[in-house]
Amino acid sequence: MKTILIVEDEKDIAEMLSVFLENEGYRTVSAYDGLEGLRLFGKKRADLVILDILLPKLDGFSLCKEIRRKSDVPMIMLTALSDEDSQIKGYDLMIDEYVTKPFSIGVFLKKVAAVLRRRENPRTELLSWGDISMDRESHTVKVKEQEVYLTGREFELLALFLADPHRIMTKDYIMEKLWKYEYGCEDGIIYTHIKNLRKKIGEDVIKTIRGVGYKLDLADTGKFFPENIFYHCSSPGLFQPSGADGPVCFHAPDLYLKL
C-alpha cells in the first residue's frame, strides 16, 4: 500500500484529502505545518508528498527544498497561489505537479495516480542519444556514464525527445503529450523544464528553434538541420526555410524534414 504524506495547514482540506485518498486504497499521514511535515517525512516512508505553499513555521517552497536534499520522492504542490512565478518556482524545485485551489477532487485523484504510475511503471525501453542514455524500467538517466537525477516530468520530457529524436517538438505538441492542456500550460512552464533539463544533461543537447519549438542537437550524429533558416509563414502550422535550395519544408504538427 502506498503511503502519501499530506502537508496542509487547513485541517478540513487535509481531512478531505485523507478520506478520498484512503478510499482509493492509499495510506495517508498528515501534518499541519512545514516543520511537522519535514519531521514526518524523515520518520515515515512516503511514496508521494502533497504540500501547500503557505504553511506555518516552514513554507512549502522551503519544505520542498529540504526534501529534495534527501530524496527524489514525487511531490505535488496544492496551493491557492495560481500566479505563473509561483508555478515556475515550484517546478524549479523539481516538483512533479502543481495544482491550484479550488480544485476538482476527481481530477486531483487522477493526477495522484498518474504521478505514482509514472514512477512505478515506466516503459521497459533503453533510449540513447550521443552521451545520454535512459533506462525507462529503472527510471535512470546517465550522461557520459554518470547518473543524473531528473524529476518525473523532466524524465518524461527527455523521453519524448529521445523516443523520436528527429522530431521538432512544438510547444503545442509537448503540452498535448505531457500536460494534455490540463493547466492551460503556460509557455514559461515548458521553458522552465527545458532549462532544468539543459542544466542536467548539457546546455547544447536541446536546441531552440525560434518561433517553432525545440529539437535535439544532431551535430554528433552526422545528420544536419540547417540553423537560422526558418521563418514563420502566414499560413498556420506551415514553416519553410529561406536560404536553402530545393523544396525543403516543415509542416506542423509532425514537422518532419522533407527533401
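The values are calculated or read from the model by the stated rules, or taken from the named source; none is laboratory data. Treat the numbers as computed from the prediction; the structure is a model and nothing was measured. A quick note on method: Cβ atoms are made from the backbone with ideal geometry, for glycine too, and the neighbour counts reach across all protein chains shown.
State yes or no: is residue 49 outside any loop (DSSP other than H, G, I, E, B) and in contact (Cβ under 8 Å) with a residue 12 or more places away in the chain?
yes
Restricting attention to strands (runs of 3 or more DSSP E) lying wholly within segment 60-169, give those where 2 or more residues are exposed (fewer than 15 other Cβ atoms within 10 Å of the Cβ).
Strands (runs of 3 or more DSSP E) meeting the threshold: 126-129, 146-148.
Go through segment 79-106 residue by residue and tally those that are in contact with an Asp or Glu (Cβ under 6 Å, 6 or more places away or on another chain) and either on the phi > 0 side of the Ramachandran plot or modelled with pLDDT of 90 or more (or both).
Of the residues in that region, 1 qualify.
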